[in-house]
Each structure stands twice: as structure tokens, then as C-alpha cells.
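> One structure coming up, written as C-alpha cells, with questions to follow.
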Amino acid sequence: MAKQDYYETLGAARDASAEDLKKAFRKAALKYHPDRNPGDKEAERKFKECAEAYEVLSDPDRRARYDRYGPEGVSGSRQSHFTGTEDIFAHFADIFGNGFFQDLMGGRGGPRQGAHRRVQIELTFEEVLHGVEQTIEITRNEVCSECDGSGAKRGTGPATCPYCHGYGQVQQRRGMFVMRQTCPNCRGAGQVIQDPCAKCSGSGLETRPAKVAIRVPPGIADGQRLVARGEGDAGEHHAPRGDLYCEVRVKPHPIFTRDGDDLVCETPITYTQAALGAEIEVPTLEGKARLQIPRGTQSGRVFRMAGKGFPVLSGRGRGHELVRIVVDVPRSLTDEQEKLLRRLAELEAVNVTPRRKSFLDKARKYFNGD
Ligand SMILES: [Zn+2]
Ligand SMILES: [Zn+2]
């Protein structure tokens, strides 16, 4: 598949400013928005492409790499990771929040829905293993406690909009047609506030800190998102609340790394353990476990401890723990150790292992030029 040209996709010039790129992306979002193109897979695909393009070009570092090296310069760095249009809106919540679509698509009017909010949560490997409930503290728009969201001063109520007489719509005659549109005075509510609440100046909203409990399922990975419906900003005058999107960051672990559902651990053993075989102790996320190292284990060999990895997020079972053996060469020796190793070296000079022998043969050939 040919790589898309990000500028072309967005319909932006190569020297477009950050603001121009944002405008181009908003325009594309309007054009391909699923509400306007219901069930249209092609529109959805194009919208995903635009999101991908914008994600790269809106980041100055990645844009510079893209300009210099083309798509190869930015490949591998979290490309095409959007799962769907909803995911894209969540990711760019700051661009699409605050009634962006209502405003631009006209039509709907009325009080604005609350904005979606985005937060990051940090998890440890242990929390990923067991799942966790995290409490997130955010400051968000809440229904004004003084006027209970009406926006009107306590004891007064909203009055009928004088412009539309409470219908929320106004009619305009254009030739033989009668056009109806949302009343610009009350934005479709049919009511206006004459005596605004002093606390919220009539918006019906105030900012307050809030705590939201987020249930994180076991096995979640870095970069994935969780959504808490209705936990974003409160809407104007009791319009629906926005959602809270939580982007998961998994903190690096001092001894483990992660590969999908598998846990990876490098474990040093001594030269003698490798040569003679040993039972060693290895760390797991749930304490220590024992592992049999057979005689003649080479450095770099990987042993699999079944079921000691992370739970599979969307399914059953668990990944494995992969133990990568590293043969440790001693940095200092006691006199006794040195004596024994020197004795061993003398033996090795005559009794070379087959692998070492073939290496020595190759080396000799290389230096002799034949
Ligand atoms: Zn108020
Ligand atoms: Zn009105």
C-alpha cells in the first residue's frame, strides 16, 4: 500500500502554520464526520487518515522528521493506532470539545453539552497485573450550586425569550419558502435569563474539584484509553455531561520489561552455573520462583515460565514470563578462584570445545588469508 502524503491528506500547504493545520484538520473532520456520513466506511477511513496525518504534523519534532525523511521518518512511532472515530474525538478532545460540532454544523442549537476531558493515569506493572481502582482528581465544570444550573438569580426564574416567544425557533420568509432556524437570542432554549446568578454569571456552571474512581482492568497496556461516561464537564443548563478519557501510562519497572502479554526478565548466572547446570531463583511479579538451568546453558538463552505474564485483556489466560539468561563474567577474583580458573585455562588450551575450536579455525584462516 502506498503511503499517504500527510499534507495532501489534510489539504494543507507544506509550509502551513500550526494554526492552518488545525483549521485543515477541523475542516476534514466536518467533512468526514460520521454524523454526516452514516455507515460510510470510506469517509471513516479518510477521517482516520486525516487524524493520523494531523497527529504527526501537529508535533513539531515529528513534522520535522516527516519533512526530512518522509513517512519512513515517523513510521513505527505509534502510527495508525486509532481504533475508530470515537477514539479520534477523544484523542483530540481539546480541538473538538466545547460544542465545536454543534456550532459548525448549525442545526442542533440549544444548551451546549459538557466538554470531554482527558487525563493520564500512571500504573505500575503490579497494578497492570491485578487491575486497580484509581481515584482521579480533576477540576471540572459542575452545575452551579447557587442557582442549581438554571443561571438565574436565586428566587427568580428564566423568562420567555422575547425574540422567539418561547418557541426556540424563528421563521424567516425567503421568497416562497419559510425557513426555520434556531433562535439566535436564546439558542433554542425558548427562555432567557433576565437576572443572572451572581456566582456563575448566568452560565449555570462553576468549576469545582472532583474525584472520579476509575476501574482499570488487569492486562491493560501503555497507550490504551479508558472512558468514564458522563465524568467530563457538566453541560450548560442541564445539557448532557461530557466524558472523561483516561490515557494509560505504564511506568517502567526496575527489573522487568513487557512484550505484549509476556513479561521479560534478564537474569544473570555465573559461568559455573551455566556450565554445570543449576536451580536458580528468579523474580516474578508475584514473588520468587525457581527455575532449572540445564548443563551447558549459553548466554542469551530464553526460558519460558508459562502463565507468569500479564492477564490477557480481552480474553482468557495469561502471558508468560520470559527469562533471558546472561552469563556473568566475574569482575574480581579471590586468589583461590584465580588459581582454579588458570588451571581451567590450561586444560582448555588442549581440550577446546567444538564451538570454540571452529571459531579458532575460522580466525586462523582469516588471519592467514586462506
Ligand atoms: Zn449560578
Ligand atoms: Zn428565543
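None of the figures in this text is laboratory data; all of them are computed from the coordinates on show. All values reported here derive from a predicted model rather than from experimental measurement. Glycine also receives a Cβ, built like all others from the backbone with ideal geometry; neighbour counts cover every protein chain displayed.
> Which angle between 0 and 90 degrees, to the nearest 10, do you get for helix 41-57 versus the longest principal axis of the chain when only C-alpha atoms count?
70
> Taking a Cβ-Cβ separation under 4.7 Å as the criterion for a possible partner, which cysteines of the chain have none?
Among the cysteines of the chain, those whose Cβ sits 4.7 Å or more from every other are Cys50, Cys246, Cys265.
> Something else about it: Obtain the nm distance between the two label points defined at Glu247 and Ser358 by a simple spin-label model: each point lies 7 Å from its Cα along the Cα-to-C-beta direction.
Label at Glu247, label at Ser358, 5.0 nm between them.
> A further question on this structure: Could you give the angle, 0 to 90 degrees to the nearest 10, between helix 18-32's Cα long axis and the longest principal axis of the Cα atoms of the chain?
The angle comes out at about 70 degrees.
> Here's something else I'd like to know. Going by amide H atoms built from the backbone, whose H comes under 5 Å of the H on Ile136, apart from near neighbours?
Distant-sequence amide H within range of Ile136: Val212, Ala213, Ile214.
> So if I place +1 on the C-beta of Lys and Arg and -1 on the C-beta of Asp and Glu, and nothing else carries charge, what would the dipole magnitude of region 1-53 be about its Cα centre? I want it in debye, nearest 20.
Result for region 1-53 is approximately 120 debye, rounded to the nearest 20.
> Under the Karplus relation 6.51 cos²θ - 1.76 cosθ + 1.60, θ = phi - 60°, what is the ordered set of whole-Hz ³J(HN,Hα) values for region 236-241, x standing for Gly and Pro?
With the stated coefficients, region 236-241 comes to 5, 6, 6, 5, x, 6 Hz.
> Right, something else. Cα axis of helix 354-368 to longest principal axis of the chain: angle in degrees, 0 to 90, nearest 10?
Between the helix axis and the principal axis of the chain, the angle is about 90 degrees.
> Please give the direction-averaged projected area of the C-alpha convex hull for the chain, in square nanometres with one decimal.
On the way: hull surface 128.6 nm².
Over all viewing directions, the chain projects a mean Cα-hull area of 32.1 nm².
> Once the Cβ-Cβ distance between Arg229 and Glu42 is put in as r, and R0 is 25 Å, what FRET efficiency do you end up with, to the nearest 0.05? Present the calculation step by step, with values, prior to reporting the outcome.
On the way: r = 29 Å, r/R0 = 1.16.
Calculated value: 0.30.
> Treating cross-link reach as a plain straight distance, find the lysines whose alpha-carbon is under 29 Å from the alpha-carbon of Lys31, omitting any fewer than eight places away in the same chain.
Straight-line reach from Lys31, under 29 Å: Lys3, Lys22, Lys23, Lys41, Lys46, Lys48.
> Set the Förster distance to 41 Å, then compute FRET efficiency between Lys365 and Leu340 from the Cβ-Cβ distance, nearest 0.05.
Values: r = 33 Å, r/R0 = 0.80.
The pair Lys365/Leu340 has a calculated efficiency of 0.80.
> Dipole of the chain, Cα-centred, from +1 at each Lys and Arg C-beta and -1 at each Asp and Glu C-beta, to the nearest 20 debye?
660
> Per 0.36 nm of contour for each residue apart, how much would the distance between Lys211 and Val312 grow if the chain were fully extended, relative to their Cα-Cα spacing?
Roughly 33.5 nm would be gained on extension.
> Also: With each pseudo-label sitting 7 Å past Cα toward Cβ, what's the Ile255-Asp15 distance in nm, one decimal?
5.8
> Give the lysines whose C-alpha is closer than 17 Å to that of Lys153, dropping any in the same chain fewer than 8 places away, or say none.
Within the straight-line limit of under 17 Å, Lys153 reaches these lysines: Lys199.
> While we're on this one: In region 1-96, if the dipole is taken from +1 on Lys/Arg beta carbons and -1 on Asp/Glu beta carbons about the Cα centre, which of Ala29, His91, His81 is farthest to the positive end?
Positive-end residue among those listed: Ala29.
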